[in-house]
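Undergrad: Here it is, the structure, as structure tokens.
The values are calculated or read from the model by the stated rules, or taken from the named source; none is laboratory data. None of the values given here were measured: they were computed from a predicted structure. Every residue, glycine among them, receives a Cβ derived from its backbone with ideal geometry; neighbour counts consider all protein chains shown. When the accessible area is computed, the model is the full protein with side chains, heavy atoms only, and any ligands, DNA or RNA have been set aside. Shrake-Rupley method; radii C 1.70, N 1.55, O 1.52, S 1.80 Å.
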Amino acid sequence: MRQRTRVAIVGAGPAGMLLAHLLDAHGIESVIVETRSQAYVLARIRAGILEHSTVELLRSVGLGDRLDAEGLPHRGIYLQTPQERHHLDFVDLVGRQVWVYGQTEVQKDLVAARTRAGQAVYYGVADVELDDLTTDRPTVRFTDADGVQRTLEADAVAGCDGSFGPSRAAIPAAVTSVWERTYPYSWLGVLASVPPSTDELIYAWHPDGFAMHSMRSAQVSRLYLQVPNGTRVDEWSHDRIWEALSTRLGHTGWELAAGPITEAAVLPMRSFVQSPMRHGRLFLAGDAAHIVPPTGAKGLNLAVADVALLARALAALLVDGDAGPADAYSETALRRVWRCTHFSWWMTSMLHTSGDPFDAQLQMSQLRWLFSSTAGATGLAENYAGLPLDL
Ligand code: RFL
Ligand code: PHB
């Protein structure tokens, strides 16, 4: 069965859903295809921190109500070593801040808004294939949840299908460059039904390995431990997790409250960039084009920045007949991608123990510099709170 649409969007994660929402604001209709079920996409626990410009964008397109009511605005973060816990105040340093508001919540708001708008989404599809990308009638073929074979015929295709989707590989290898770094450690991430023991996030360097205290609400904590690659969740009993968190996050006069762990998973860490992010009428956005380790809290924010840029480029191309912004999309997006790739690599390298004593001395020196130098702290704050979207 053939169906005509303006933009075929592959992937209903935050990048794909938000793109559909932004295109609609320009009067551009789209159809989304997604391999998973809606329930699965809504339940995935992932990122937790929204940058200043992400929040401004969500508010500007009518997605800010619940975020403003339930999101937790944070002025900055704590960075610590076993000797010292230091607060970096982003508002004082760069006049910008961040919000704790889980990706799960962003996804819920997007699904609610797109459902109200009558967005066409095919969930539970299979055999997704992208074709005719270098023509002005690119297609997306797939089998829908009822087993019906369908073809979307579009003016443009947006590859928002994350790190395992087919869009990335639809760009011929001959014109593709890839940069990649895998890290020699992973994160054990847990969600716990216990009020956070801190008002703002704690990033802790510790000789046993990095630890982080984040949160999702006044009742729910999100915590992470550096673990060796290949670690299985069942190697870590809940008691062992709380003990390690309490040691690594330990600080004089402070105690970590433990509680029931409701979810635990091991996350590998990777940096990955693929260029270009455009081939003919295919445009990549979000994790489909790049992955960052979570230490800088950039993955979701970068996906939002991509689609903000892409929506404008597609509106220029499809509404005004101006190909300029679409032609500049990849290069413009990649400038921000590389800034965030560097920042995430830097935060990761500074905070995770490698076992090398030379590395440890450099890490300590860098942390002391951030604790004592306004110039150093400002650089971290500018990157963490995020650069404006129109750069
Ligand atoms: P997503 O969210 O992966 O969405 C892509 C969607 O595409 C679907 N898909 C397909 N659809 C159609 N056809 C196909 N053939 C398809 N193949 C896949 C997928 O089912 C999915 O629904 O990418 P998007 O939208 O670009 O958003 C990016 C963010 O989700 C991502 O950057 C962050 O969540 C990264 N990330 C984290 N970032 C942080 O800043 N902090 C974190 O704590 C954090 N934790 C995580 C994460 C990513 C994880 N992944 C990808 C394994 C934890 C995990 C487990
Ligand atoms: C989270 O809350 O899941 C989170 C926060 C900050 C990060 C990574 C993850 O850097």
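Undergrad: So, in region 338-360, of the ones that are part of a helix (DSSP H, G or I) and of a type outside the set (A, V, I, L, M, F, W, C), which residue ends up farthest from ligand 2 (Cβ to nearest atom)? Lay out the reasoning, then the answer.
TA: Looking only at region 338-360, we keep the residues that are part of a helix (DSSP H, G or I), and these are 338-351, 357-360.
Next, from what is left, pick out any that are of a type outside the set (A, V, I, L, M, F, W, C): 339, 341-342, 344, 348-349, 357, 359.
Values: Arg339: 16, Thr341: 14, His342: 15, Ser344: 9, Thr348: 10, Ser349: 14, Pro357: 26, Asp359: 20 Å.
Selected residue: Pro357.
Undergrad: What tally of residues in region 51-74 results from selecting those that are open to solvent by less than 30 Å² (accessible area, probe 1.4 Å), closer than 27 Å to Ala156 by Cβ and either within 16 Å of ligand 2 (Cβ to nearest atom) or not hydrophobic (A, V, I, L, M, F, W, C) (or both)?
TA: 3
For (1) more than 30 Å from Leu367 (Cα to Cα); (2) assigned by TED's automatic domain parsing to the domain that holds Phe164, each residue gets a yes or a no:
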site	(1), (2)
Glu51	no, yes
Glu56	yes, yes
Gln80	no, no
Asp92	no, no
Gln107	yes, yes
Ala112	yes, yes
Ala120	yes, yes
Tyr123	yes, yes
Ala126	yes, yes
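Undergrad: Right, next: For the condition open to solvent by 20 Å² or more (accessible area, probe 1.4 Å) and farther than 30 Å from Glu331 by Cα, what is the one hit in Ala297, Ala264?
TA: Working: Ala297 fails: farther than 30 Å from Glu331 by Cα.
Ala264 is the lone residue from the list that is open to solvent by 20 Å² or more (accessible area, probe 1.4 Å) and farther than 30 Å from Glu331 by Cα.
Undergrad: Please note which strands (runs of 3 or more DSSP E) are completely contained in region 172-239 and include at least 1 residues that are open to solvent by 20 Å² or more (accessible area, probe 1.4 Å) and of a type outside the set (A, V, I, L, M).
TA: Numbers: elements: 177-192, 202-204, 211-215, 221-228.
Once the strands (runs of 3 or more DSSP E) in region 172-239 are filtered for at least 1 residues that are open to solvent by 20 Å² or more (accessible area, probe 1.4 Å) and of a type outside the set (A, V, I, L, M), what remains is 177-192, 221-228.
Undergrad: So, one more: Tell me, please, whether a residue that is among the aromatic types (Phe, Trp, Tyr) and more than 16 Å from ligand 2 (Cβ to nearest atom) can be found in region 209-232.
TA: Going through region 209-232, the residues among the aromatic types (Phe, Trp, Tyr) turn out to be 210, 224.
Add one more test, that the residue is more than 16 Å from ligand 2 (Cβ to nearest atom), and what stays is none.
So far as region 209-232 goes, no, none of its residues is among the aromatic types (Phe, Trp, Tyr) and more than 16 Å from ligand 2 (Cβ to nearest atom).
Undergrad: Quick test of your reading of the structure: Phe142 fulfils all but one of (1) away from ligand 2 (no atom under 16 Å from the Cβ); (2) assigned to a helix (DSSP H, G or I); (3) more than 19 Å from His279 (Cβ to Cβ). Name the failing condition by number.
TA: For Phe142, the exception is condition (2).
Undergrad: For region 319-345, which positions are open to solvent by 30 Å² or more (accessible area, probe 1.4 Å), touching a residue at least 24 places away in the same chain (Cβ under 8 Å) and hydrophobic (A, V, I, L, M, F, W, C)?
TA: Passing the criteria: Val319, Trp338, Trp345.
Undergrad: Restricting attention to region 24-48, which residues are aliphatic (A, V, I, L, M) and surrounded by fewer than 24 Cβ atoms within 10 Å (Cβ to Cβ)?
TA: In the first step, residues of region 24-48 are kept if they are aliphatic (A, V, I, L, M); the result is 25, 28, 31-33, 39, 41-43, 45, 47.
If the condition is that a residue be aliphatic (A, V, I, L, M) and surrounded by fewer than 24 Cβ atoms within 10 Å (Cβ to Cβ), then Ala25, Ile28, Val31, Ala39, Val41, Leu42, Ala43, Ile45, Ala47 are the ones that fit.
Undergrad: Being within 15 Å of ligand 1 (Cβ to nearest atom), under 23 Å from the mean Cα position of the chain (by Cα), open to solvent by less than 10 Å² (accessible area, probe 1.4 Å) and among the aliphatic types (A, V, I, L, M), is that true of even one residue in region 154-163?
TA: yes
Undergrad: Only residues that are closer than 22 Å to Glu200 by Cβ, among the polar types (S, T, N, Q) and open to solvent by less than 70 Å² (accessible area, probe 1.4 Å): list them for region 349-391, please.
TA: Those that are closer than 22 Å to Glu200 by Cβ, among the polar types (S, T, N, Q) and open to solvent by less than 70 Å² (accessible area, probe 1.4 Å): Gln363, Gln366, Ser373, Thr378, Asn383.
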